[in-house]
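The values are calculated or read from the model by the stated rules, or taken from the named source; none is laboratory data. Because the structure is predicted, anything quoted here is derived from the model rather than measured. As a convention, Cβ positions derive from the backbone with ideal geometry for all residues, glycine included, and neighbour counts pool all protein chains shown.
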Amino acid sequence: MIIELLIAILAGVLVGTFTGLTPGIHINLVTVIVVASSVFLLDFIPPIAIGTFIIAMAITHTFLDAVPGVYLGAPDDAQALNVLPGHRMLIKGQGHNAVKLNTIGSFFAVILSLVLFPLFILSMAFLYPFARKFIVFVLIIAVLYLVLREHSVAKKVAALVVFILAGVFAVLVFNLPGLRQPLFLLLSGLFGFSILLVSLLENAKIPEQKTCEELNIPKKNIAKATFAATGFGFLAAFLPGIGSSESAIVASTTTGDIGDEGFLVLVGGLNTANMLISVCSIYAIDKARNGAIIAINKVIGVIDLKTVLVFCASALIAAGLAVVICLYVSKLFCKLVAKVDYRILVITILVFITALGFYFDSVLGLFVLAVSTAIGIAASQLGIGKNHLMGCLIIPVLFYFLL
Amino acid sequence: MKEATLLKLSLCCSVIGICFLFIIVNAVDYSEKQLSYITRLDVDSTLKFKGVVAKSSSTAELTTFDLEQPCRTKVLLFNKNTTIPAGTKVEVIGKVSENTDKRYGGNYEIIAQEVKIVK
């Protein structure tokens, strides 16, 4: 059994590396294939090995998805907020440090989450009925705080308008019939595409990337960001409709000024903590909060304490390996970015995202991409924070709770 | 934090994880119970049972069989299309559940996670 589990973990790490590095490919795509094949697979592989594979893949994905977010400006939903601080560091020649910070956040979040696992299990069942009632107010207060934090009245108004615009557009997009990948189109346009287009028009040049530069972040900020990431990852893991990005918005209001570096640690840690702690939610309150856990529930059925412990051990092994792979791949990307003309790289990525958008959803997909890019560019030109574009996820969540 | 430190720490964690996995898989075992001693307190608990398959049937996504000790209890194995021949000695690890369909007799059934053939 141990050999089967170790092979499953290694396979999960490899597949998670692929899904993390490839924009547009999410682990949910792989889990759907695994569940569909489970009737055949279960003749050869014990169900717990399949579950372990999914956990290892999911954890690894949360480490590696920082790389396309930083170097290519092509984030998934979990990394959307990291694109701008990551891009800023890339322009300063510190792309590798941006990935390293994200990796540090993810890694320490795994360790802290595992240490606090028993507490999470005990508190989840107790908190769940109350948390559902107050989360909408927490979200509204956090959003208002972020809007009011802008420096002038004009920027406050602009932030609110952009927030509502992104949210309303997202509600319309999610309700469009026939769209296969609404989230990919929305987030690519709002965050990745708009940032890349602006940097192309501004003739941004990516300097040589330094891989040996020391991190410029006090240990105190790493600790703050990691604790906030784990705490809010816990909330994201069991509250319905609240994902990593929404939690990151709320978390950023509690950590104080931790800079771009601290924010990268926070978002990286939050994504990973959310994924790991969601194992708690299926065990403690019998609620599956993401595609990976739904798939595990379908394949294994009953998740007992022994299964949870196996998953925890698998997550620790996968996290250790993911750190090594992530840092190595980031160095490869540094060399690639240095050798390739940045303009050509950006154009290639833009063409790739456009082609993906067309492949998934044809002309309608391109239209959604174009409009979301326009909203993203508007936020940049108005000089307000890109975090207000998270209205695209928060407003649908508010509708879910309020209506 | 230096990159070398981070790499050493991560590899240590992987090794600790492997040791932890080894301990869980080998040391953590389920309590074995006789079918006749199952009570309401055992509902929702994961236990181990050994017995002989009395009769078995399967569909695309469900295998059911009666586990006999000689006391009989129904066992359900989801997502599996396997026919276990009657008379096979098996070890079942599964969760005890209340049997809501009294046509099959008995108060409890077992939702199996794992069924091993014992020689």
Worksheet item: Restricting to segment A:245-303, what's the tally of residues that are more than 21 Å from A:ALA56 (Cα to Cα), of a type in the set (S, T, N, Q) and under 16 Å from the mean Cα position of the chain (by Cα)?
Response: 3
Practice prompt. Look through B:LEU41, B:LEU6 and report the one residue that is within 14 Å of chain A (Cβ to nearest Cβ) and either without any contact (Cβ under 8 Å) to a residue 12 or more places away in the chain or in a helix (DSSP H, G or I) (or both).
Written response: B:LEU6
Item to complete: Can you run down the residue pairs with Cβ atoms below 8 Å, 6 or more apart or on separate chains, where the first is in segment A:216-233 and under 17 Å from A:ALA98 (Cβ atoms) and among the small types (Gly, Ala, Ser) and the partner is modelled with pLDDT under 85 and assigned to a helix (DSSP H, G or I)?
Response: A:ALA229/A:ALA251
Worksheet entry | Pick from segment A:216-228, criterion assigned to a loop (DSSP other than H, G, I, E, B) and more than 22 Å from the chain's Cα centre (by Cα), ranking: nearest to A:ILE258 (Cα to Cα) | A:PRO218
Fill in: Condition met for A:ILE222 (farther than 30 Å from B:GLY94 by Cβ, modelled with pLDDT under 90 and β-branched (Val, Ile, Thr))
yes
Worksheet entry | When residues of segment B:9-38 are limited to those that are within 9 Å of chain A (Cβ to nearest Cβ) and modelled with pLDDT under 80, the one surrounded by the most Cβ atoms within 10 Å (Cβ to Cβ) | B:TYR30
Worksheet item: Is there any pair with a first residue in segment A:36-59 that is touching a residue at least 40 places away in the same chain (Cβ under 8 Å) and a second that is charged (D, E, K, R) whose Cβ atoms are under 6 Å apart and which are 6 or more apart or on different chains, and what are they?
Response: A:LEU42/B:LYS80; A:ALA49/A:GLU4
Discussion item. Please determine whether any residue of segment A:110-125 is farther than 27 Å from A:ALA318 by Cβ and part of a helix (DSSP H, G or I).
Written reply: no
Worksheet, complete the sentence: Those residues of segment A:283-293 which are away from chain B (no Cβ under 14 Å) and either touching a Ser or Thr at 6+ places or on another chain (Cβ under 7 Å) or in a helix (DSSP H, G or I) (or both) amount to A:LYS287, A:ARG289, A:ASN290, A:GLY291, A:ALA292, A:ILE293
Fill in: Test: A:PHE263 is touching a Pro at 6+ places or on another chain (Cβ under 7 Å) and of a type in the set (Phe, Trp, Tyr)
yes
Discussion item. Quick check on segment B:29-41: of everything there that is of a type outside the set (A, V, I, L, M) and under 18 Å from B:GLU114 (Cα atoms), which residue is nearest to the chain's Cα centre (by Cα)?
Written reply: B:TYR30
Response to the item:
The number of residues in segment A:108-130 that are within 12 Å of chain B (Cβ to nearest Cβ) and in contact with a Leu (Cβ under 7 Å, 6 or more places away or on another chain) is 2
Fill in: Meets criteria (part of a helix (DSSP H, G or I), surrounded by fewer than 21 Cβ atoms within 10 Å (Cβ to Cβ) and among the hydrophobic types (A, V, I, L, M, F, W, C)) for A:VAL279
no
Discussion item. Can you find, within segment A:194-215, the residue that is surrounded by the most Cβ atoms within 10 Å (Cβ to Cβ) among those that are in a helix (DSSP H, G or I) and not hydrophobic (A, V, I, L, M, F, W, C)?
Written reply: A:SER194
Discussion item. Any residue at all in segment A:50-69 that's in a helix (DSSP H, G or I), modelled with pLDDT of 80 or more and within 30 Å of A:LYS156 (Cβ to Cβ)?
Written reply: yes
Worksheet item: Which one of the conditions (1) surrounded by fewer than 21 Cβ atoms within 10 Å (Cβ to Cβ); (2) touching a residue at least 40 places away in the same chain (Cβ under 8 Å) does A:GLN381 fail to meet, given that it meets all the rest?
Response: (2)
Item to complete: Can you confirm whether segment A:183-193 contains a residue that is surrounded by fewer than 20 Cβ atoms within 10 Å (Cβ to Cβ) and assigned to a helix (DSSP H, G or I)?
Response: yes
Item to complete: Look through B:PHE65, B:PHE20 and report the one residue that is among the aromatic types (Phe, Trp, Tyr) and closer than 21 Å to A:THR307 by Cβ.
Response: B:PHE20
Practice prompt. Can you tell me which residue within segment A:242-260, out of those that are among the small types (Gly, Ala, Ser) and surrounded by fewer than 24 Cβ atoms within 10 Å (Cβ to Cβ), is farthest from A:LEU144 (Cα to Cα)?
Written response: A:GLY259
Item to complete: May I ask you to list the residues in segment B:44-53 that are part of a strand (DSSP E or B) and either within 14 Å of chain A (Cβ to nearest Cβ) or touching a residue at least 60 places away in the same chain (Cβ under 8 Å) (or both)?
Response: B:THR46, B:LEU47, B:LYS48, B:PHE49, B:LYS50
Worksheet, complete the sentence: Checked A:VAL35, A:VAL13 against criteria (surrounded by 23 or more Cβ atoms within 10 Å (Cβ to Cβ), of a type outside the set (D, E, K, R), within 14 Å of chain B (Cβ to nearest Cβ) and in a helix (DSSP H, G or I)); the one match is A:VAL13
